[in-house]
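Here it is, the structure, as structure tokens.
The values are calculated or read from the model by the stated rules, or taken from the named source; none is laboratory data. As the structure is a prediction and not an experimental result, all values here were calculated from the model. Neighbour counts run over all protein chains shown; Cβ positions are idealised from the backbone, glycine included.
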Amino acid sequence: MPRAAPGAVGAAIRGEFPILAEKTYLNSCSQGALSQRVRAAYEEYLRGWDQNGAEWGRWVERAEAMRASFARLLHATPDEIAITTSVSQAVAALVSALPLGERPRIVIGDYEFPTVGQIAHAQELRGAEVVHVRPASDGSIPPERFDEVVDERTALVCCTTISYRTGHRQDIGAIAAIAHSRGALCLADSYQAVGAMELDPGKLGVDFLTSGTVKYLLASAGLGFAYIRGELASSLLPTQTGWFADEDIFKMDIEDYSPAFSARRFDSGTPPVPNIYAGLAGASLVEEAGTSAIEDHIASLTAELVDGLDSLGAMVVTPHDPSARGPLVCVRSTDVDALLTALTADGVIASSRAQSLRLALHFYNTSDDVQAVLSSLARHRHLLAAAPGAPARVA
Ligand SMILES: Cc1ncc(COP(=O)(O)O)c(C=O)c1O
């Protein structure tokens, strides 16, 4: 498998992704593009199964390699990583470990993905009280808004790193500090960030961080993970569990519950082996390029895109301040389904949430992609909502 050069972004990496020869791919917030390396990894899994039958030793070794790769991406240790099949499974396992008796409150920002909100509200059956933190008039959710509702009865504060709906970046370090000042824990769902930017949960001080491989880690569905800070794992007892979370999975004991000492206690059943092969391949592309180089590359493309959208008079929902956004730029449409259809016909792959078009940049995108989508949007300008104060449109 040829390695990409460190810092290889843009034109230097595009050859790995066949779809980029045909399309303007701006959909990494939904599904990362398929690489030759990920395709080869699936083939390797099938070949091994076909030639050798159940390769259990190899499969478990691959799962541990995946744990180590997730750890490297977050400057963490493998003992701080649980492997799951989705973010939903990770969040449900984390929340299942919270004693809600003395601390029944769960605080969630309004930009959480539905799964976080739904899992929080499911805890109402266990006596939880869920409090939402609403955005300010400029669309941001400043840490002070969390400060108003996090109290000594709060068990958990959930804040997403990048909003999947608007592209806002939250100050998760400041929110974690607020949670800790009241004795609460902090979970940062970072699915829209991992692989696209530098993230160090240890430095930021968050207790839990979740993500998966579908988006900027360039693999496919069925693999997620949770970071659980240092010593914290061994003090939490998840009631959502499984035999791969046991201290000794080969003991095959049905008489007791003895979870692993590390974050592996938040694993569950048989690991999702094919997805792990793909996940290792996708994450290796990100690791080789390096998250700092990727973040810098994305920042220059989002700046170019936002400038271009401003020139079109479009209503950009994502903040103009570069430090308050990540790889996702959202722009309001008057008819987002019609706009997506028009973009698809122009060879642009994007996605939408609510009335916003979502344009996601990754290390394989270039200035040509930005100019391609801007030209397409200029042609379909009538489907873009106008920014306040933008000149009136002539047809
Ligand atoms: C921020 C965020 N969290 C969670 C999810 C859902 O993750 P999963 O389907 O792995 O539970 C998504 C998927 O789009 C997401 O964008």
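Here's a check for you: in the range 342-386, which residue that is in contact with a strand residue (DSSP E or B) (Cβ under 6 Å, 6 or more places away or on another chain) and of a type in the set (D, E, K, R) is surrounded by the fewest Cβ atoms within 10 Å (Cβ to Cβ)?
Among them, the one singled out is ASP369.
I want to confirm something. Restricting to the range 183-212 and keeping residues that are near the ligand (Cβ under 9 Å from one of its atoms) and in contact (Cβ under 8 Å) with a residue 40 or more places away in the chain, which single residue is nearest to TYR164 (Cα to Cα)?
Among those residues, the one meeting the criterion is GLN192.
Exactly one condition in (1) in a helix (DSSP H, G or I); (2) farther than 29 Å from SER292 by Cβ; (3) of a type in the set (Gly, Ala, Ser) is not met by ALA63; state its number.
(2)
What's the total number of residues in the range 24-50 that are crowded, with 17+ Cβ neighbours inside 10 Å and of a type in the set (Lys, Arg)?
The number of residues fulfilling the criteria is 1.
Next question. Considering the range 326-339 alone, what residues qualify as being within 22 Å of ALA390 (Cβ to Cβ) and either part of a helix (DSSP H, G or I) or among the small types (Gly, Ala, Ser) (or both)?
Those that are within 22 Å of ALA390 (Cβ to Cβ) and either part of a helix (DSSP H, G or I) or among the small types (Gly, Ala, Ser) (or both): SER333, VAL336, ALA338, LEU339.
Ok, one more. Are any residues in the range 99-126 within 11 Å of the ligand (Cβ to nearest atom), in a loop (DSSP other than H, G, I, E, B) and of a type in the set (A, V, I, L, M, F, W, C), and if so, which ones?
PHE113
How many residues, within the range 238-254, are surrounded by fewer than 14 Cβ atoms within 10 Å (Cβ to Cβ) and touching a residue at least 60 places away in the same chain (Cβ under 8 Å)?
Result for the range 238-254: 1.
Considering only the range 78-89, state which residues are among the aliphatic types (A, V, I, L, M) and more than 8 Å from the ligand (Cβ to nearest atom).
If the condition is that a residue be among the aliphatic types (A, V, I, L, M) and more than 8 Å from the ligand (Cβ to nearest atom), then ILE81, ALA82, ILE83 are the ones that fit.
Could you identify the single residue in TYR277, TYR257 that is without any contact (Cβ under 8 Å) to a residue 60 or more places away in the chain and hydroxyl-bearing (Ser, Thr, Tyr)?
Among TYR277, TYR257, only TYR257 is without any contact (Cβ under 8 Å) to a residue 60 or more places away in the chain and hydroxyl-bearing (Ser, Thr, Tyr).
Does any residue in the range 147-162 that is part of a loop (DSSP other than H, G, I, E, B) come within less than 8 Å, Cβ to Cβ, of a residue that is at pLDDT below 95 and away from the ligand (no atom under 16 Å from the Cβ) six or more places away or on a different chain, and which pairs are these?
As it stands, the answer is ARG153/GLU102, since those pairs meet every condition given.
Quickly run through the range 213-228 and pick out the residues that are surrounded by 24 or more Cβ atoms within 10 Å (Cβ to Cβ) and either closer than 24 Å to LEU26 by Cβ or away from the ligand (no atom under 16 Å from the Cβ) (or both).
Residues satisfying the conditions are THR213, VAL214, LYS215, TYR216, LEU217, LEU218, ALA219, LEU223, GLY224, ILE228.
Next up: Could you tell me whether the range 90-97 includes any residue that is surrounded by fewer than 24 Cβ atoms within 10 Å (Cβ to Cβ), in contact (Cβ under 8 Å) with a residue 24 or more places away in the chain and not in a helix (DSSP H, G or I)?
Yes - at least one qualifying residue is present in the range 90-97.
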